[in-house]
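The values are calculated or read from the model by the stated rules, or taken from the named source; none is laboratory data. This is a predicted model, so every value here is computed, not measured. Reconstructed Cβ throughout: ideal geometry from the backbone, glycine too, with neighbour counts over all protein chains shown. To get the accessible areas, we keep the full protein, side chains included, count just its heavy atoms, and leave off ligands, DNA and RNA. Shrake-Rupley method; radii C 1.70, N 1.55, O 1.52, S 1.80 Å.
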Amino acid sequence: MTTAELETVAQEALTHYLPIIDEMITEPFPATDVEGGTGYGSPTHVVRVLRTSQDFWDDELHKALQQADAEMSAALDALVAALTARWGDPLVVDLWSYLKASFDGSRAPELIERLSQSAGSLQAWPVPDAGRWIGLTVGQHDTELPLELMAVVSHTPLPAPSAADTY
């Protein structure tokens, strides 16, 4: 992808996804567990899929994956920059360490455990005066499935940077 195309993706992310993130920060959490096409939630958190790539079943040379990865990175980077300007540097959570710890029988909070099954890291910010935190990540449930840019809002304590810091 060209630099101009990636800049367009980044601008679209700011225009389309920042308002969704702002809504997520203020809207109530669901009373019960919910699952839908745009994400999932519980009384403690909400996860929204902001952007979904194509799938990669017929992408033997990984060209479509490389393009989708560049687009997701551009969108994520733009959102991270915007939230960092608001609230400072994010806490970077190593989700991979939580997944590895689960192989040994350790249990992370449900939200972190579920995110760790598709994403390697999460960038999170406490939201001042809201009693919540917001996180951003890109995940993929399997190599043939789409990439997903996800926003997370929770009122649980911020996760530790790695599972090693909690066990």
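Overall, the stretch 1-120 carries a charge dipole of about 340 debye about its Cα centre when +1 sits on the Cβ of Lys and Arg and -1 on the Cβ of Asp and Glu, all other atoms neutral. Charging the Cβ of each Asp and Glu at -1 and of each Lys and Arg at +1, and nothing else, the dipole of the stretch 1-57 about its Cα centre rounds to 60 debye. Three semi-axes describe the equivalent ellipsoid of the stretch 86-167; taken as square roots of 5 times the Cα gyration tensor eigenvalues and ordered largest first, they are 21, 17, 10 Å.
Structural descriptor for the chain: relative contact order 27 percent, calculated from alpha carbon pairs under 8 angstrom and at least 6 residues apart. Computed from the C-alpha gyration tensor, the three semi-axes of the ellipsoid equivalent to the stretch 1-132 are 25, 21, 15 Å, from longest to shortest. Spatially, the stretch 2-16 and the stretch 65-138 are offset by 21 Å when compared through their Cα centroids.
May I ask you to give the solvent-accessible area per residue for the stretch 37-150, in square angstrom, as obtained with a 1.4 angstrom probe?
On the way: 5690 Å² over 114 residues.
Solvent-accessible surface per residue comes out at 50 Å².
Quick one: with all protein chains in place, what share of the accessible area of the stretch 17-138 is carbon or sulfur, to the nearest percent (1.4 Å probe)?
51
Computed from label points 7 Å out along Cα-Cβ, the spacing between Asp59 and Asp77 is 1.8 nm.
Quote the FRET efficiency, to the nearest 0.05, computed for Ser106 versus Ala31 with a Förster distance R0 of 30 Å and r equal to the Cβ-Cβ distance.
Once the sixth-power term is evaluated, E becomes 0.55.
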